[in-house]
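FYI, it's all coordinate maths here, none of it is from the lab. Just so you know, these numbers come straight off a predicted model, no measurement behind them. Cβ: placed from backbone, ideal geometry, glycine included. Neighbour counts: every protein chain shown.
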Amino acid sequence: MSGSGHVKPESGAFSELPVSWASRAERQRGKTSPEELIAAAHAACYNMAFSNGLAKAGHKAERLTTRAEVEFVPGTGITTSTLTVRGRVSGISKDEFEKLAEEAKSGCPVSQALKGNVELKLHATLE
């Protein structure tokens with residue numbers, strides 16, 4: 001419960017990050033948690049999948065901003081990952097934007113990995 005460690009990606013994309021039980025379940029204070037890293041991966045993956053889906057449907061995204069929040073319950077584990085995306089896309093209806101957003105949620109590889117184990121939620125807003 002009082003231990004700590006570090007995580008560093010093989011790619012060198014970022015430097016070592018400190019992790020601890022407290023950052024996972026109680027307070028972060030400059031440390032990360034596995035759940036925060038999963039959230040970052042989910043947001044990045046989703047954003048790429050959504051951008052690709054929009055392009056394939058003939059819509060160029062001017063801007064997509066995606067945030068993922070992963071809920072961790074001690075003793076249970078990760079229970080939900082909630083994606084919140086805001087996008088500026090010319091020439092698209094709200095309905096089509098939301099449809100393509102939902103397809104990206106189902107199709108991104110991180111969503112696929114979490115599916116069946118974690119509840120996936122999506123909030124999509126067209127600006």
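Brief remarks on what is shown
- Projecting the Cα atoms of 116, 70, 15 onto the dipole axis of the chain, where Lys and Arg carry +1 and Asp and Glu carry -1 at the beta carbon, places 15 farthest toward the positive end.
- Amide H partners (placed H, <5 Å) of residue 7, local residues excluded: 17, 19
- Dipole-positive endmost among 42, 90, 55 within the chain (Cβ charges, Cα centre): 90
- Antiparallel bridge percentage (DSSP; both residues within the chain; nearest 5): 65
- Cα centre as origin, Lys/Arg/Asp/Glu Cβ charges: the chain dipole, Debye: 200
- The angle between the Cα long axis of helix 34-56 and the longest principal axis of the Cα atoms of the chain comes to about 10 degrees, rounded to the nearest 10.
- Cα long-axis angle, helix 94-107 against the chain (0 to 90 degrees, to the nearest 10): 40
- Within the chain, helix-based [θ] at 222 nm, where runs of 4 or more DSSP H residues each add -39,500 (n - 2.57), nearest 500: -11500 deg cm²/dmol
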